[in-house]
Every structure is written in structure tokens, then in C-alpha cells.
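**Q** Before we start, here is the structure in question, set down as C-alpha cells.
FYI, it's all coordinate maths here, none of it is from the lab. Note that the structure is a prediction, hence the values are computed from the model and not measured. As a convention, Cβ positions derive from the backbone with ideal geometry for all residues, glycine included, and neighbour counts pool all protein chains shown.
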Amino acid sequence: MPFHKMLYTPHDDPEYPETVEAMGYFRRRVDEEIEIRREKPCDDLLSYLAAGIDGKPLEHQLLQDIAFNLMGGGIDTTTALTSNVLLYLSRHPDHRQRLIENPKLLPLAREEFIRYFTPVHSVARTATSNTVVNGWKFAKGDRVLLRYISANHDPDIFDDPDSVKLDRYPNRHVSFGAGMHRCLGSFLAKMMFETMVTEVLRRMPDYKVIETDIVHYPSIQQVNGWIHLPTAFSPGPKVGAVIA
């Protein structure tokens, strides 16, 4: 998938230009869907974007940028979290069995996994004024790297922060940011993750990650994810989609 490959491919990699070019398909699809929504509006975000704000149409590039941020921010981060958790549960069968036997524990475990793995380890911001934080001086215009992963493993906040406690509560992690910049899609991401893990544990409870073939991102600068995470499991009865 172009989004996935673009995030893990270094900018100096010979394949990077080709990877970026592949995103052209996504941009074309956004344009096509915007035109469809203008003719037949639906109750979805693209329809609202296609209609414009206060009756004024949005510029083409702005529409593309919003769609790109929503897709880029919501796909690979959720995939990275799920991959890390599936690998962890493969390595810790006792925790996996506990979740299988007590699925109501998953909402608490979900927050703990989000804290522990922190799919986006950091984000950069620009200082808007001269200020001092804990004795450190920052000048207006300085770039500041905020380390979510560090905050999520702060021993002053979390007991035994470098261990996974499936029933940890309260869990004041900042994996989705905080305040006015908190991730807009955090609740959707949680729902997607919980649904995927629930189905894996229900339909492939004995899965095992083939660790000789796993490949991590070469850098966690943007997302802490995996390029390849193959698994093996006992086949069960085929289950098709149910259309109500």
C-alpha cells in the first residue's frame, strides 16, 4: 500500500520517488469521490468537504491535504499498534490466554498497549515565544521535539512503566496528544484496533508470529511499525460476511 510504504521508506532510498509517485492513485480517487459527493451528498466527511465551509468551496489542494492527513494519520498508526500488540501476544501466551478468557478486559488492555507501544513516539512543534521550561530556555522560532513515548513511561506517573499491565487503571497516557491538538480520530482508532484484535483472538487463537521473517521499520521517526509480520495459525471453518 502506498501509504504504508511511504512511511517506512527513507527519503534517500532509490525507491522513494517511485513510492511518492504511487500516491497519485490516492489523489485521483479523492478527486473522483469529491465529484460524486457533490452530485450525490452522503452523511460523511467527504460530503461536508465537497460542500465547502459557509457555502464557500475549499481549494483543491486543501481538499487533498485534509484527505491525505486523515488517511495517513489513521491507517499506518492503527496498523502499527495492532502489529506490535499481535507480536507481543505471540511472545506472551499467558497474556493472550487471559484476553481470550476475559474479553471484557480488552478495553483496559487496549489503553495499556497504546501507552506501552506509543505508535507515534514524538511530534515536533515550534515555540511561539521566548520561554523557560524546567530551567531550559527556548527562543521564539525554536523547534521542540515532544517525546510522547517518554511521557508514557514516566515513573512519576506510571507504576512499573516498562511492564505491560493489562488491567492498568487509571492510565493517563498521551499517545493521542492532549488538549486542543488531541488526535481527532482517536476513538475510531481504538474501535478499529479492538475489533481487529477481538477477531484474531476469536478466529485464530493459536496464531504464532514467524519471527525469522519479521521486518521492522528502519526508523521510528514517524511511526513505530512493522513492514512484515507474517503469522501461522490452524485453519478453521470459513466464515463469510453477513449482510443484514
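**Q** Between beta-carbons, use under 13 Å as the cut-off and find the net charge around Val239, counting Lys and Arg +1, Asp and Glu -1. Can you show the working numbers first?
**A** Details: positive: Arg202, Arg203, Lys238; negative: Glu199.
For residues surrounding Val239, the net value is +2.
**Q** Which residue, His216, Met192, Ile227, has the largest displacement toward the positive end of the dipole of the stretch 59-232 when charges sit on each Cβ (Lys, Arg +1; Asp, Glu -1)?
**A** Sorting the options by dipole projection puts first Met192.
**Q** Return Asp167, Asp94, Asp76 ranked ascending by Cβ neighbour count within 10 Å, so the fewest neighbours appear first. Can you show the working numbers first?
**A** Values: Asp167 11, Asp94 7, Asp76 23.
With the sparsest Cβ surroundings first, the list reads Asp94, Asp167, Asp76.
**Q** Here is a further query. Working out 0.36 nm times the residue gap between Thr195 and Ala124, then minus their Cα-Cα distance, what length gain in nm do you get to one decimal?
**A** Working: separation 71, 0.36 × 71 = 25.56 nm, distance 3.09 nm.
Result: 22.5 nm gained on full extension.
**Q** Once you've got the Cα coordinates, tell me which of Lys165/Lys190; Lys5/Lys208; Lys165/Lys238; Lys5/Lys137; Lys40/Lys190 are over 28 Å apart. The partial results should precede the final answer.
**A** Working: Lys165/Lys190 18 Å; Lys5/Lys208 24 Å; Lys165/Lys238 34 Å; Lys5/Lys137 38 Å; Lys40/Lys190 30 Å.
In this structure, Lys165/Lys238; Lys5/Lys137; Lys40/Lys190 exceed 28 Å between Cα atoms.
**Q** Oh, and also: By average Cβ neighbour count within 10 Å, what is the ranking of 79-88, 196-205 from highest down?
**A** Numbers: 79-88: 22.0, 196-205: 15.2.
With the highest mean Cβ count within 10 Å placed first, the list reads 79-88, 196-205.
**Q** For Cα pairs less than 8 Å apart in space and 6+ apart in sequence, what is the mean separation divided by the residue count of the chain, i.e. the relative contact order in percent?
**A** Numbers: 284 pairs, mean separation 51.0, N = 244.
Computed value for the chain: 21 percent relative contact order.
**Q** What list of ³J(HN,Hα) values in whole Hz, one per residue of the stretch 233-240 in order, does the Karplus curve 6.51 cos²θ - 1.76 cosθ + 1.60 (θ = phi - 60°) give from phi, with Gly and Pro shown as x?
**A** The phi angles translate into 7, 6, x, x, x, 5, 10, x Hz.
**Q** Could you order peptides 101-111, 9-19 by the average number of other Cβ atoms within 10 Å of their residues, highest first? Each step should come with its number before you reach the end.
**A** Values: 101-111: 14.5, 9-19: 12.1.
Highest-to-lowest ranking by the protection proxy: 101-111, 9-19.
**Q** How large is the helix-only mean residue ellipticity at 222 nm for the chain, computed as the sum of -39500 (n - 2.57) over DSSP H runs with n ≥ 4, divided by its residue count, in deg cm²/dmol to the nearest 500? Don't skip to the end; give the middle numbers.
**A** Details: 9 runs with 113 residues, N = 244.
The per-residue figure over the chain is -14500 deg cm²/dmol.
**Q** For Val132 and Asn69 in one chain, what is 0.36 nm times their gap in residues minus the Cα-Cα distance, to one decimal in nm?
**A** Values: separation 63, 0.36 × 63 = 22.68 nm, distance 3.18 nm.
Gain in length upon complete extension: 19.5 nm.
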